[in-house]
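A short write-up of the structure that comes next.
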Amino acid sequence: MGVSGVFVIPLSLMIRHGRTEYLVLRRTIAQRGALRPILLVFGIGVWAFALTAVLVWLPYPLASAIPLMVLAATFEAIRPLHFGAERIGRYLQVFYEESGEPDRPLRDTPAWERVTMRFGKVPGVGGHPLFVPIFFLALAVNYLAMMLSGPGAIDTVVMAVAHAIFGGWLFAAHRAMKTQREIEVERLRNLAK
């Protein structure tokens, strides 16, 4: 205990150990990366169940909004996991990998993030981090299933607009994902100055 009954925390405990932060943040990236496909499989399963239930028990065109909302909710659970993991990766790149530790040369510091930035994409390797092609396919199936109920003109237009809005959101997220790394690494470099 310190003066006047206040607890005194040693300065060494207040300063975050850099190596620990680096390892914890790399683990966070790995966990978020592992959670995304699990959420996709679960969300697509719930969507398929909701779509089937709507086709069987609520064969009305506007009821297809229910499985559409499940698709949107699944995407919105996955999207921030990816964008957050990318942001953490750029933070690690700028503040740990590019700057290096004062007592170690840059070549001895971790290099995963900077190497992957330089390596770029390899055609045909891996899938889409946001699973956008899968969501577009599910979106098309959802719309075609709505057409099975014989919608009127107004129903067709209303549901086409709803599906187009989600499709536009998927496209916008895909575009943002393609530019996120470069934008955020530059912003973080400015913060590091």
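The values are calculated or read from the model by the stated rules, or taken from the named source; none is laboratory data. Computed from a predicted model, the values in this text were never measured in an experiment. Ideal geometry is used to build each Cβ from the backbone, glycine not excepted, and the neighbour counts take in all protein chains shown.
Which members of the range 11-57 meet the condition of being modelled with pLDDT of 90 or more and aromatic (F, W, Y)? The answer is F42, W47, F49, W57.
Taken over the range 146-193, the residue count meeting the criterion of being part of a loop (DSSP other than H, G, I, E, B) and modelled with pLDDT of 90 or more is 1. Scanning the range 55-95 for residues that are of a type in the set (G, A, S) and touching an Asp or Glu at 6+ places or on another chain (Cβ under 7 Å) yields a single hit, G89.
Kindly indicate whether I78 is of a type in the set (V, I, T), modelled with pLDDT of 95 or more and farther than 22 Å from R175 by Cα. No: the conditions fail for I78. Taken over the range 59-75, the criterion of being assigned to a helix (DSSP H, G or I) and either at pLDDT below 95 or small (G, A, S) (or both) is satisfied by P61, L62, A63, S64, A65, A72, A73. Taken over the range 47-77, the criterion of being more than 14 Å from L139 (Cα to Cα) and of a type in the set (A, V, I, L, M) is satisfied by A53, V54, L55, V56, L58, L62, A63, A77. Inside the range 144-186, residues that are basic (K, R) and either touching a residue at least 12 places away in the same chain (Cβ under 8 Å) or surrounded by 13 or more Cβ atoms within 10 Å (Cβ to Cβ) (or both) make up a count of 1.
Figure legend. Inter-residue proximity from the range 19-38: first residues under 15 Å from P80 (Cβ atoms) and assigned to a helix (DSSP H, G or I), second residues at pLDDT 95 or above and among the aromatic types (F, W, Y), beta-carbon distance below 8 Å, spacing 6+ or different chains. Indicated pairs: R36/F131.
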